[in-house]
């Protein structure tokens, strides 16, 4: 029988875990929507929202106006008396709370909801609307029963920001990345019911899966790139460019769809406005970007050699962004690496576009990246954002709660690719320095603390360490401990079980426990649940009868790999290495014995890729 507090079970590896399970998570196991094996439970359910959207962008005024029809399926066992929408652009609404500064010039009235119909019955705002921060609650005229659906129609508009571009925005007077732009139904799940965490800027997103049919209307000389596959290519582009796209879809080489010498007057069909039609199946978000002067590269590659599935890869960019001339190739190599090497899972979508906007942000089949002067930065950000295609999109992560469940992977999984593709770039060493600086300080918290609760004085000391840095090392040393092949198999099983669904931390922990047939709670607890820091030290050393004995002390609580480097009189050296599972027992001392023909003169513990907050005690000289 379930109890509050620490759980001890006796039916499976995961059920023997000593991890703390919060009370609201416990109920999902009681209800059998989740299982201690890490798999979806026998009673797992998930609601769905299918969108048909028509939207028009007016560049001169930056006005986005649209109408949407949503088919919402209540697959839960509950009767729903209200529905909730995310109005993400209300972060720019005057008077709303936000945890980042915005330019006064971008403050607006937020999203204007013009009309709402539920099953063809209009909802009167004064009677049915309850806005709060970026969440809009609507009273339903009739409850939505289990295993039933409703149709919702919404008309709305808002003005795009142009200075404080939070993950999207206006990059010049005719270039826009339009994201988080339509009223999106809040997820109703088996943990919280309606997940009504408002968007305040730092924490990211959590959306329901469904299909999207989207029509984007822009002026005739604008090109649109978007989530989903373009359905009317020959109706919006002149024949030359239609043929170039066809070539790119079958080519391993870079095809310049719009080259620097092209005149944009000749690219799109000549009408006052043009409507670009896109379709995407079973995704959780839709974004689009447009410009009337961007260059456009495209190529393709096979991501699944078994069924010969080929996807389209594109880059759309300002001709002044010199690093972007290589981005289509970097993106292609990234996707190949992810599909065949790490995590070794075929890229899940039919295409991907890297758009040259600002910062670095991910959307299904779209990436919004700024331009960088250092090639390593371009490689890093491109590969990082593309990896997000797997998490949080292919697997529907609740980023508002568990940012580390996608950001940590997006840091860790491209490590080897980034180091190989960017000469002289050492991503693990760079990350270890950051971790050493912040780890163990008062403001650093374990990743299991909800991301929506993090608002420390330092973005880097609290949110970023908990969401990016610490989980990335936890994943990396887990891979090191299990071995690359076994780790990939376990990761593949996790993705297989939870793609298109909404996993939580325990689904990840218990899947790896189940697949490896091992209780890894000794590892999960310090890395994800406890405050602490990485710190190993050389406790003592002896050399007798050509046997060198070194005692390593784990002074911090995080289990780390152990590397020892022995240096001899002739400057020769020898290294020995142990993975983090040497700390599986409760002991904080690890003994290393090594036979040498001669006595070493110096011993060094660790390396620049293993974080350690105090390296003063990592050296010994005879």
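The values are calculated or read from the model by the stated rules, or taken from the named source; none is laboratory data. A quick note: this is a predicted structure, and the numbers were derived from the prediction, not measured. In this analysis, Cβ positions are derived from the backbone assuming ideal geometry, glycine residues included, and neighbour counts consider all displayed protein chains.
For the residues 125, 131, 143, the requirement of being surrounded by 13 or more Cβ atoms within 10 Å (Cβ to Cβ) and without any contact (Cβ under 8 Å) to a residue 40 or more places away in the chain singles out 125.
Can you name the residue in the stretch 521-557 that is closer than 30 Å to residue 507 by Cβ and free of Cβ contacts under 8 Å to residues at least 40 places away in the same chain and, of all such residues, is surrounded by the fewest Cβ atoms within 10 Å (Cβ to Cβ)?
Once the filter is applied, the top-ranked residue is 557.
Does residue 467 satisfy being closer than 30 Å to residue 282 by Cα and out of contact with any helix residue (DSSP H, G or I) (no Cβ under 9 Å at 6 or more places or on another chain)? No, not satisfied. Suppose the filter is surrounded by 13 or more Cβ atoms within 10 Å (Cβ to Cβ), modelled with pLDDT of 95 or more and farther than 23 Å from residue 449 by Cα; does residue 53 pass it? Yes, satisfied. Does the stretch 252-264 contain at least one residue that is modelled with pLDDT under 95 and under 24 Å from residue 64 (Cα atoms)? Among the residues of the stretch 252-264, at least one is modelled with pLDDT under 95 and under 24 Å from residue 64 (Cα atoms), which makes the answer yes. When the residues of the stretch 403-422 are filtered to those that are free of Cβ contacts under 8 Å to residues at least 24 places away in the same chain and surrounded by fewer than 21 Cβ atoms within 10 Å (Cβ to Cβ), the one that is farthest from the chain's Cα centre (by Cα) is 420. With respect to the conditions (1) in contact (Cβ under 8 Å) with a residue 40 or more places away in the chain; (2) surrounded by fewer than 18 Cβ atoms within 10 Å (Cβ to Cβ), residue 581 lacks only one, and its number is (2). For the stretch 90-103, filtering for residues that are in a helix (DSSP H, G or I) and more than 21 Å from residue 157 (Cβ to Cβ) leaves 0. No other residue among 69, 28 is at pLDDT 95 or above and surrounded by fewer than 16 Cβ atoms within 10 Å (Cβ to Cβ) apart from 69.
Okay, residues lined up against (1) surrounded by fewer than 23 Cβ atoms within 10 Å (Cβ to Cβ); (2) outside the structural domain of residue 180 (by TED's automatic domain parsing); (3) in a strand (DSSP E or B):
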| position | (1), (2), (3) |
| --- | --- |
| 354 | no, yes, yes |
| 361 | no, yes, yes |
| 378 | no, yes, no |
| 385 | no, yes, no |
| 401 | yes, yes, no |
| 425 | yes, yes, no |
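Regarding the stretch 529-542, can at least one residue be identified that is outside the structural domain of residue 429 (by TED's automatic domain parsing) and at pLDDT below 95? No, that holds for no residue.
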